[in-house]
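**Student:** Okay, here's the structure, questions in a sec.
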């Protein structure tokens, strides 16, 4: 079984539009994952007709029993996350669940309780199974949740006899991106010809290289600035990275999002051919 | 003086465009502009001030004194982040998983653990007469951005108008940037993606108790559901920026629009006035 992750560094370059199109082109033969658990949008295009919900609890949280507490202040001195207020209440938003207060409290006034940090879902769509999630607001552990849903997707793909898992990755280069790249066969980096797009692509490519994930590049809205597109060509050529496609700036991408469908369902032959070529090259790169 | 943060649930909606142009439009007063999107900082591509100082930022990670360690395994037991593993005659430290909470060193029965600093990124500082600009830059392959975001925010000089460019999302990096600010500007786009993520970002600012206003970017595309959501929830829409090929080209090249088109200078000054008015009204 193979896994592909689509990332970008910079947000808003078109990852989700592309992933939804790939999934539609595959004719239900992949298991798809929305790995952007902060702002999951893939289901807005794949439109599940049934969904099963599961709870995710990524960490624990401290609670102080004010009857046992004698206000010695040790917990407040030790807490590096400033999570304990002057009134000895634990601020949920700041508590990282490290348990130091629990172990250190001389009066055993602290207890650790697991907290529900989000939900994850197995959904059925017209394009096959989609696994997605919603991390609770202000929650930590996005990396753990991405790891969990990627693992579930691989298990399901095994059960459904499917050979491919495709992950719509989060923006940035931090913890959830690293989680979305674990055990992946190939990463597709979607960029755009802007200084920000190029800068962020270079950083996320460095992360792929560090973790030994082969990366390919696709330029979205290449005709916004052809000079900068050429700069991307030069950069990729120098770093021995293949550019497997270029897509034009076209209002059809926005229209498809507004209609809630993968752009390939819009029936624009020119765009469909371009996306199908990128998808085929991506599959070839997976081996 | 207002401490203003520019955030969004969805990435790529135009946070950096808004922060940069707002800061430059207010250049008649002293402004500080902090880029807290440390995973992918972009403000420096638009504000081309020379970097005057680069400060490494580190987090404390455990270091084991092998002569004192009894290999009892208690440190691995108490570590909530699985950053330590104790074998028969060695201790493995996975520093990229360490949150720097200090549990292991404090609780080690043999006092065999001290802490050493591990650099996770830098703060780059660039000053000019009217603009104090700094940004955080996370080293690639580092997982945890909040400690660096908090370090950038510690640069805030009081009594100066502050604009913070936040990372996208609603989890710990975004919270680290938004928490403690006076007012949050949420930048979105009028599409189902923009609306879905605006709802989450709005829940985040409500949870943090921070007043918020909305900027709709590419306002001439998509549908009007974002405006509908804002009016249903009494969230003021403070500015609309239509998609324009010329604007997009300027953005691509790192050219702030207020330096090229005087009408935008006025629009961003008006945005600031609208923010101040709404902030004082909501306070």
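The values are calculated or read from the model by the stated rules, or taken from the named source; none is laboratory data. All of these numbers come straight from a predicted model, not from anything done at the bench. Every residue, glycine as well, gets a Cβ built from its backbone with ideal geometry; the counts of neighbours run over all protein chains shown.
**Student:** For the list (1) over 18 Å from residue A:42 (Cβ atoms); (2) assigned to a loop (DSSP other than H, G, I, E, B); (3) more than 9 Å from chain B (Cβ to nearest Cβ), I need the number of the one condition that residue A:158 fails.
**Tutor:** (2)
A quick yes/no check of all residues on (1) surrounded by fewer than 20 Cβ atoms within 10 Å (Cβ to Cβ); (2) part of a helix (DSSP H, G or I); (3) within 14 Å of chain B (Cβ to nearest Cβ):
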| residue | (1), (2), (3) |
| --- | --- |
| A:119 | yes, no, yes |
| A:122 | yes, no, no |
| A:131 | no, no, no |
| A:134 | no, no, yes |
| A:139 | no, no, yes |
| A:146 | no, yes, yes |
| A:166 | no, no, no |
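**Student:** Also, I was wondering about something else. Out of the residues in the stretch A:25-40 meeting the condition of being buried (at least 19 other Cβ atoms within 10 Å of the Cβ) and farther than 12 Å from residue A:130 by Cβ, tell me which one is farthest from the other protein chains (Cβ to nearest Cβ).
**Tutor:** A:25
**Student:** Residue A:215: touching a helix residue (DSSP H, G or I) at 6+ places or on another chain (Cβ under 9 Å) and facing another protein chain (nearest Cβ under 9 Å), yes or no?
**Tutor:** No: the conditions fail for residue A:215.
**Student:** Still on this structure, please answer the following. Is there any pair with a first residue in the stretch B:248-266 that is assigned to a helix (DSSP H, G or I) and a second that is surrounded by fewer than 16 Cβ atoms within 10 Å (Cβ to Cβ) whose Cβ atoms are under 7 Å apart and which are 6 or more apart or on different chains, and what are they?
**Tutor:** Pairs found: B:250/B:260.
**Student:** The conditions are (1) surrounded by 19 or more Cβ atoms within 10 Å (Cβ to Cβ); (2) more than 9 Å from every other protein chain (Cβ to nearest Cβ); (3) assigned to a loop (DSSP other than H, G, I, E, B), and residue B:222 fails exactly one of them. Which is it?
**Tutor:** (2)
**Student:** Same structure, new question: Just to check your reading of the model, which residue among B:57, B:20, B:38 is part of a helix (DSSP H, G or I), within 19 Å of the chain's Cα centre (by Cα) and modelled with pLDDT of 95 or more?
**Tutor:** Every option except B:20 fails the conditions.
**Student:** Scan (1) in a helix (DSSP H, G or I); (2) more than 14 Å from chain B (Cβ to nearest Cβ); (3) touching a residue at least 12 places away in the same chain (Cβ under 8 Å); (4) surrounded by fewer than 20 Cβ atoms within 10 Å (Cβ to Cβ) for the single condition residue A:236 breaks and write down its number.
**Tutor:** For residue A:236, the exception is condition (4).
**Student:** Within the stretch B:30-62, which residues are away from chain A (no Cβ under 14 Å) and buried (at least 16 other Cβ atoms within 10 Å of the Cβ)?
**Tutor:** Correct list: B:31, B:32, B:33, B:34, B:57.
**Student:** Another one. For residue B:186, which of the numbered conditions (1) under 30 Å from residue B:229 (Cβ atoms); (2) more than 7 Å from chain A (Cβ to nearest Cβ); (3) within 11 Å of the chain's Cα centre (by Cα) fails to hold?
**Tutor:** In the conditions (1) under 30 Å from residue B:229 (Cβ atoms); (2) more than 7 Å from chain A (Cβ to nearest Cβ); (3) within 11 Å of the chain's Cα centre (by Cα), residue B:186 misses (3) alone.
**Student:** Let me ask something additional. Of B:177, B:166, B:143, B:201, which residue is within 10 Å of chain A (Cβ to nearest Cβ), buried (at least 23 other Cβ atoms within 10 Å of the Cβ) and under 16 Å from the mean Cα position of the chain (by Cα)?
**Tutor:** B:201
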